[in-house]
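Novice: Let me begin by handing over the structure; questions about it come next.
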Amino acid sequence: MITNNRGERTWEEMKMEQRISGGMIERLDAYREKLREVYCEIPVKGIYYNSRSSMDFSFEASDNKLHRVNLDPMVSSVIVSSVVPKSCVLYKGGHGGGKTSMIEETSSSIFAVPKKDIVEAMIRGNDDQNVNTLLASYNIGKLLTKGDEEVRWRKFVTCPVKIIDELNRFPPTAQNALFEILNKGRVEFGGGHIYEVDDFEVFATENPNDVGTYPMSRPFLDRFGLCIPAPQLPSAEDLMALSSRRDDKLYAFEASKRNIDIKEAKELEKLVNDTVRISNDGLLYMIYFAQALATCSRGDFSDKSHSCLAVGERCKGCEYDTKETLCQYSQDGFSGRAFLDLQRWSKGYAFFLDAFKDKANPEVQQGIVEAIAPYVLYHRVEPNEAIFTKEPFFGRKLEYLKTMAEKARKSYATVRAPLLEIPDILSGKLAPEKAKIYEVKKDLVVKEHFLPIVEAAKLEEFRALYKGLDEALELTEQEIIDLEKTMTFNTSIPARAKAFLRAKALTKLKGGESQGAQTL
């Protein structure tokens with residue numbers, strides 16, 4: 001048994017004990033198979049065809065082989081939403097492509113919610129929509145005769161599957177009414193009447209901007225975890241299949257026999273999120289990509305969030321303005337919410353693909369994160385027009401984002417070895433002055449975000465606190481508060497180094513979800 005200097009088990013040994021049991025693996029496998037059955041019956045029944053676009057994945061599986069899999073981003077996003085808590089997906093594309101019908105049929109199969117209820121709960125964008133028509137109304141009879149404020153909640157609020165058709169046709173006031181339910185699943189009406197939605201799936205469609213559409217604010221769009229660009233016209237092969245199916249204007253699609261109980265779906269959703277972790281490489285790549293887009297050596301807070309100048313003007317003469325730097329590719333970067341969404345959806349897709357080297361210790365590989373990132377960023381990142389509008393992109397946003405994710409992978413690969421040394425530096429096994437990170441040149445992310453951690457490792461007070469945290473098996477909330485007080489009032493540890501120690505302490509919070517495998 002591995003023990004610390006007090007003769008107790010180390011944190012590493014406790015992590016090993018968190019391996020998933022054989023019974024739990026079987027349950028997850030069975031649930032995955034149900035989801036795959038639903039996924040595969042959609043084209044077989046002629047409900048939706050889309051071979052024009054695909055999500056391309058590359059990963060190592062438990063058979064030690066490299067697997068390459070492509071999924072329809074439209075159908076798979078509805079399927080995977082079943083293991084993503086309070087998921088919100090936006091489908092952006094041409095009208096008449098079958099987006100809404102596909103969502104109705106697929107979500108009905110997954111959550112065992114009658115299609116009739118989903119259709120009745122759906123809301124459609126138009127100028128007349130307001131809070132009363134969207135969310136709730138008072139029982140006018142009781143209000144006028146007795147003065148009782150009895151609220152009648154609309155089916156859109158109470159149904160666990162919520163479809164918003166043509167989202168950009170809602171006026172700004174109606175968008176504001178939807179904001180809170182997308183944000184937290186909380187609906188407030190009138191004089192303090194509140195409806196709490198424990199869990200839900202939101203699917204919204206956005207048609208091209210034309211007469212009758214409204215702009216949507218960036219904070220509003222940021223509430224959607226995933227954005228899928230949807231083709232308006234299927235491929236030639238799809239049209240051949242479409243021409244031979246029975247006309248759905250005459251014949252309704254056959255109800256699925258593979259319904260998944262919504263209670264089971266919610267239980268498995270928690271199980272997937274509790275057991276699947278992001279690998280060290282996946283997490284470091286994710287952090288590197290996020291910071292590579294957001295960091296700016298000339299921006300307030302060293303990022304772009306408060307910059308008034310466009311990227312091109314701001315970059316002129318900067319030492320980091322090269323063809324390889326990602327900071328010039330976007331006007332802005334990740335939000336914290338987008339970063340968390342990238343984790344959630346990466347976990348969901350890794351589970352659906354069974355993309356785990358060790359099924360008893362499931363970890364999301366870097367390749368899964370890279371494949372998901374463009375869809376998490378599609379509606380959130382504003383490209384640099386000087387690059388985006390020219391060869392080889394010509395305004396193709398998905399290709400642009402995929403190139404950004406690939407560039408992040410290549411840049412991360414050049415600094416991966418120095419970054420993986422950081423645990424040894426912090427534990428004292430490697431002297432900071434001998435670290436490879438000091439050999440890295442012209443990398444803004446390393447300079448701004450990782451080098452400060454290595455510099456902090458030179459401080460005796462930082463090393464003492466780190467060592468104590470490394471040896472601790474678990475911590476109470478009060479112990480973490482005491483640590484915060486010590487760092488704030490009794491040390492000169494820099495703010496970023498304190499944040500690092502705080503994050504490490506929180507991974508060992510007693511009764512909380514351990515993220516130890518993801519912490520340096």
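The values are calculated or read from the model by the stated rules, or taken from the named source; none is laboratory data. On a predicted model such as this, the values are computed, not experimentally measured, just so you know. FYI the Cβ positions are ideal-geometry reconstructions off the backbone, even for glycines, and counts take in every protein chain you see.
Novice: Just wondering, is there one or more residues in region 280-292 that are farther than 30 Å from Pro160 by Cα, touching a His at 6+ places or on another chain (Cβ under 8 Å) and surrounded by 17 or more Cβ atoms within 10 Å (Cβ to Cβ)?
Specialist: yes
Novice: Continuing with the same structure: Only one of Phe200, Phe179 is touching a Gly at 6+ places or on another chain (Cβ under 7 Å) and within 24 Å of Ile228 (Cβ to Cβ); which?
Specialist: Phe200
Novice: Can you go through Lys467, Lys429 and tell me which one is over 26 Å from the mean Cα position of the chain (by Cα) and assigned to a loop (DSSP other than H, G, I, E, B)?
Specialist: Going through Lys467, Lys429 in turn, just one is over 26 Å from the mean Cα position of the chain (by Cα) and assigned to a loop (DSSP other than H, G, I, E, B): Lys429.
Novice: Also: Only one of Lys45, Lys86, Lys92, Lys99 is touching a residue at least 24 places away in the same chain (Cβ under 8 Å), of a type in the set (Lys, Arg) and on the phi > 0 side of the Ramachandran plot; which?
Specialist: Lys86
Novice: Residue check: is Tyr195 more than 17 Å from the chain's Cα centre (by Cα), farther than 17 Å from Lys155 by Cβ and not basic (Lys, Arg)?
Specialist: no
Novice: Would you please list the contacts, defined by Cβ atoms under 8 Å and residues six or more apart or on different chains, that run from a residue in region 281-306 that is within 19 Å of Gly317 (Cβ to Cβ) and modelled with pLDDT under 95 to a residue that is among the charged types (D, E, K, R) and assigned to a helix (DSSP H, G or I)?
Specialist: From residues that are within 19 Å of Gly317 (Cβ to Cβ) and modelled with pLDDT under 95, the pairs are Thr295/Glu448; Cys296/Arg314; Ser297/Glu448; Arg298/Arg314; Gly299/Arg314; Ser302/Glu448.
Novice: Let me ask something additional. Between a residue in region 207-220 that is at pLDDT below 85 and any residue that is in a loop (DSSP other than H, G, I, E, B) and surrounded by fewer than 12 Cβ atoms within 10 Å (Cβ to Cβ), which pairs come within a Cβ distance under 9 Å, given they are 6 or more apart or on different chains?
Specialist: Pairs found: Asn209/Pro215; Gly212/Asp127.
Novice: Being within 21 Å of the chain's Cα centre (by Cα), within 15 Å of Ala408 (Cβ to Cβ) and acidic (Asp, Glu) is the requirement here; does Glu324 meet it?
Specialist: In short, no.
Novice: Moving on to the next point. Give the number of residues within region 327-351 that are in a helix (DSSP H, G or I), surrounded by fewer than 23 Cβ atoms within 10 Å (Cβ to Cβ), in contact with a Lys or Arg (Cβ under 7 Å, 6 or more places away or on another chain) and not small (Gly, Ala, Ser).
Specialist: Number satisfying all stated conditions: 0.
Novice: Take region 376-424 and flag every residue that is of a type in the set (S, T, N, Q) and either surrounded by fewer than 14 Cβ atoms within 10 Å (Cβ to Cβ) or modelled with pLDDT of 95 or more (or both).
Specialist: Thr389, Thr403, Thr414
Novice: Name the residues in region 310-326 that are assigned to a loop (DSSP other than H, G, I, E, B), surrounded by fewer than 14 Cβ atoms within 10 Å (Cβ to Cβ) and of a type outside the set (Lys, Arg), would you?
Specialist: Ala310, Gly317, Glu319, Thr322, Glu324
Novice: Here is a follow-up. Out of region 171-184, which residues are touching a strand residue (DSSP E or B) at 6+ places or on another chain (Cβ under 8 Å) and crowded, with 19+ Cβ neighbours inside 10 Å?
Specialist: Hits for region 171-184 are Leu178, Ile181, Leu182.
Novice: When both residues are 6+ apart or on different chains and their Cβ atoms are under 8 Å apart, which pairs have a first residue that lies in region 433-456 and is closer than 10 Å to Pro418 by Cα, and a second that is at pLDDT 90 or above and outside any helix (DSSP H, G or I)?
Specialist: Cβ pairs passing all conditions: Ala435/Glu421; Lys436/Glu421; Ile437/Glu421; Val446/Val440.
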